[in-house]
1. Can you compute the FRET efficiency between ARG32 and ARG71 using 1/(1 + (r/R0)^6), with r the Cβ-Cβ distance and R0 = 25 Å? Round to the nearest 0.05.
2. Report, in debye and to the nearest 20, how large the dipole of segment 14-96 comes out about its Cα centre when Lys and Arg carry +1 and Asp and Glu carry -1 on their Cβ.
3. Net charge around LEU58, counting only other residues with Cβ within less than 13 Å of its Cβ (Lys, Arg = +1; Asp, Glu = -1)?
4. Please report the equivalent ellipsoid semi-axes of segment 14-96, computed as sqrt(5 x eigenvalue) of the Cα gyration tensor, largest first, in whole Å.
5. What nm distance separates the two modelled labels at LYS63 and ASN41, each placed 7 Å from Cα along Cα→Cβ?
6. What distance in nm lies between label points placed 7 Å from Cα along the C-beta direction at ARG23 and ASN80?
7. Identify, among ALA42, PHE61, LEU24, the residue whose Cα sits farthest towards the positive end of the charge dipole of the chain, taking +1 on the Cβ of Lys and Arg and -1 on the Cβ of Asp and Glu, with the dipole about the Cα centre.
8. Starting from the Cα of THR13, move 7 Å in the Cα-to-Cβ direction to define the label point; list residues of segment 71-90 whose amide nitrogen is under 13 Å from there.
Amino acid sequence: MTCEHCHKTKERTQDEYKALINRLNRIEGQIRGIKGMVEGNAYCTDIITQVAAANAALNSFNKELLASHIRTCVSEDIRNGETETVDELVALIQKLMK
């Protein structure tokens, strides 16, 4: 259940939903693989390489989701005069750039 005053929600197309879930499933698999490497006492640099790949996959996911957010939610809010969304977007980008 979502509180209308606390959280916004986003209706996604079935294709968008599937694409995002597929990416997350692949990332989840990478994380499980890294865990298996640690459990199997893999060499440090091999694990670090896989962690870097998982980070890149998460960054790619974020870029795709952010682009979609700007094209849909942000654009629609601006058209509707809800300019506080721009401040929300700026804060989000600042978080991403830490």
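1. Working from the Cβ atoms, E equals 0.20.
2. Dipole about the Cα centre, nearest 20: 400 debye.
3. Around LEU58, the charge tally is +1.
4. 35, 15, 7
5. 3.9 nm
6. 2.4 nm
7. Working it through, the farthest residue towards the positive pole turns out to be ALA42.
8. Answer for this model: 72.
Readers should treat all values here as calculations from the given coordinates under stated rules, not as data from a laboratory. Owing to the predicted nature of the structure, the values given are computational and were not obtained by experimental measurement. Neighbour counts run over all protein chains shown; Cβ positions are idealised from the backbone, glycine included.
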